[in-house]
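Structure first, then comments.
The values are calculated or read from the model by the stated rules, or taken from the named source; none is laboratory data. As the structure is a computational prediction, the values presented were derived from the model and not from experiment. Cβ sites come from the backbone with ideal geometry, for glycine too, and all protein chains shown count toward neighbours.
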Amino acid sequence: MWKYKELLPIDHQESVISLGEGGTGLHHCKRLGKKLGLKRLYVKNEGENPTGSFKDRGMTVAVSKAIEKHRRRVICASTGNTSASLAAYSAKAGLDCIVFIPKGKIAPGKMIQVIMHGARIVEVDGDFDKALEIVVKLVADRKDLYLMNSVNPYRLEGQKTLGFEIHDQLDGQSPDAVFLPVGNGGNISAVWKGFNELQQLGLSRDKPRMIGIQAAKAAPIVHAIRNHASRVLPVAKAETIATAIRIGSPINWPKVLRAIRDSNGTAETVTDIQILNAQTQLARDEGIFVEPASAASIAGLEKMVGDKKIDRNDTIVCVTTGHGLKDPSIIDRIPTSRQFYNLTGNNTDQLIKQLF
Ligand code: F0G
């Protein structure tokens with residue numbers, strides 16, 4: 001993504017801390033598209049980033065900025081991916097990294113990343129919203145801490161390259177709609193910023209509709225959009241199997257509402273069952289394995305196609321935000337049958353008959 005360096009706010013090339021982020025695949029999903037009656041369905045698979053999520057786009061810029069600003073200690077609250085990414089980039093940069101996470105609510109794949117990269121981990125007795133509140137207060141009091149959540153503007157500058165890449169990979173066209181899972185709302189606002197910049201630079205005439213998808217029991221943005229509200233009211237006790245977006249009080253809410261409304265987009269909820277079904281379908285029809293939060297974008301598209309809210313001739317991009325290996329804990333909730341066979345040594349003939 002550093003090929004877009006002229007549009008990124010880093011002054012000195014030698015400050016750049018990179019692990020090779022960006023350049024992820026835009027996959028034309030013909031089999032899944034056919035099932036949904038869509039000819040031009042694409043998945044932008046952000047799980048292909050170095051630490052397995054889109055966060056790396058933001059982190060390479062924000063950590064590089066920390067170096068330029070001579071900051072030595074970085075901090076974040078996280079549902080998992082931000083902390084995994086920050087821990088990796090901090091390791092590369094030699095920064096002291098402290099992450100605050102909701103105890104027992106982090107997917108195991110993310111936890112092992114944070115541990116391996118050597119960050120210090122504070123387990124908060126409470127949810128992500130509580131962890132972020134604590135971190136924001138700490139940063140206000142202590143000048144030695146540099147906040148790396150998506151209120152850090154350099155994070156969003158990096159994440160806007162997601163929009164640039166989609167446009168490039170569609171041969172200089174913007175899609176009609178982009179579906180994204182929404183938690184804190186940084187990513188949907190960043191991608192919208194990317195498409196706006198392309199238009200301001202005269203590189204694109206059109207901009208896509210931004211469609212934000214949230215889990216049914218963690219959907220403060222969807223409620224605000226449905227109610228035409230000017231503010232987002234927090235949801236208490238947010239809950240979903242998609243732990244990455246288990247967020248009741250999205251800190252970037254004003255930007256999310258703007259992105260959705262200015263783009264003539266919308267927001268939709270999906271249930272955990274719909275998420276798990278979409279995750280399995282994408283894995284089996286397209287060979288793309290994503291974590292539950294990411295599958296929310298596919299589940300949201302499926303719901304809106306079912307409700308006849310999508311023009312079947314549209315070019316649709318679903319952003320899948322994190323790799324499936326992040327969260328193996330859902331193994332017992334996979335919705336379709338698993339195909340296991342037993343080879344004991346003396347049942348070979350029987351097994352061959354069963355298999356073929
Ligand atoms: N998808 C995944 C896989 C995520 O990890 C996140 C956010 C989102 C979507 C939502 O993005 O917050 O920009 O709207 N994860 C954060 C974290 C909160 O701490 O890793 P958003």
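So which of 34, 39, 3, 44 ends up being in contact with a Leu (Cβ under 6 Å, 6 or more places away or on another chain) and not hydrophobic (A, V, I, L, M, F, W, C)?
Working: 34 fails: in contact with a Leu (Cβ under 6 Å, 6 or more places away or on another chain); 39 fails: in contact with a Leu (Cβ under 6 Å, 6 or more places away or on another chain); 3 fails: in contact with a Leu (Cβ under 6 Å, 6 or more places away or on another chain).
Selected residue: 44, the only one of 34, 39, 3, 44 that is in contact with a Leu (Cβ under 6 Å, 6 or more places away or on another chain) and not hydrophobic (A, V, I, L, M, F, W, C).
Exactly one condition in (1) touching a Ser or Thr at 6+ places or on another chain (Cβ under 7 Å); (2) more than 16 Å from the ligand (Cβ to nearest atom) is false for residue 55; which is it?
Going through (1) touching a Ser or Thr at 6+ places or on another chain (Cβ under 7 Å); (2) more than 16 Å from the ligand (Cβ to nearest atom) one by one, residue 55 breaks only (2).
Suppose we filter 194, 212, 186, 202 for residues that are free of Cβ contacts under 8 Å to residues at least 40 places away in the same chain and either within 28 Å of residue 78 (Cα to Cα) or surrounded by 24 or more Cβ atoms within 10 Å (Cβ to Cβ) (or both); which single one remains?
194
Here is a list of conditions, (1) surrounded by fewer than 19 Cβ atoms within 10 Å (Cβ to Cβ); (2) in contact with a Lys or Arg (Cβ under 9 Å, 6 or more places away or on another chain), and residue 234 meets all of them except one; can you say which number that is?
It fails just one condition, (2).
Touching a helix residue (DSSP H, G or I) at 6+ places or on another chain (Cβ under 6 Å), of a type in the set (Val, Ile, Thr) and surrounded by fewer than 21 Cβ atoms within 10 Å (Cβ to Cβ) - does that describe any residue in segment 272-293?
no
Hey, any hits in segment 71-79 for a residue that's buried (at least 18 other Cβ atoms within 10 Å of the Cβ), more than 11 Å from the ligand (Cβ to nearest atom) and of a type in the set (Ser, Thr, Tyr)?
Checked segment 71-79: no residue is buried (at least 18 other Cβ atoms within 10 Å of the Cβ), more than 11 Å from the ligand (Cβ to nearest atom) and of a type in the set (Ser, Thr, Tyr).
Per-residue answers, yes or no, for (1) farther than 20 Å from residue 102 by Cβ; (2) in a strand (DSSP E or B); (3) within 12 Å of the ligand (Cβ to nearest atom):
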{"site": "189", "(1), (2), (3)": "yes, no, yes"}
{"site": "221", "(1), (2), (3)": "no, no, yes"}
{"site": "235", "(1), (2), (3)": "no, no, no"}
{"site": "239", "(1), (2), (3)": "no, no, no"}
{"site": "244", "(1), (2), (3)": "no, no, yes"}
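Where the second residue is part of a strand (DSSP E or B) and the first is free of Cβ contacts under 8 Å to residues at least 40 places away in the same chain and lies in segment 67-89, which pairs have Cβ atoms under 7 Å and are six or more apart or on separate chains?
Here the result reads 83/76; 83/99; 83/101; 85/53; 87/97; 87/99, each pair linking segment 67-89 to a residue that is part of a strand (DSSP E or B).
Return the residues of segment 308-343 that are modelled with pLDDT under 90 and hydroxyl-bearing (Ser, Thr, Tyr); say none if nothing qualifies.
Residues satisfying the conditions are 336, 337.
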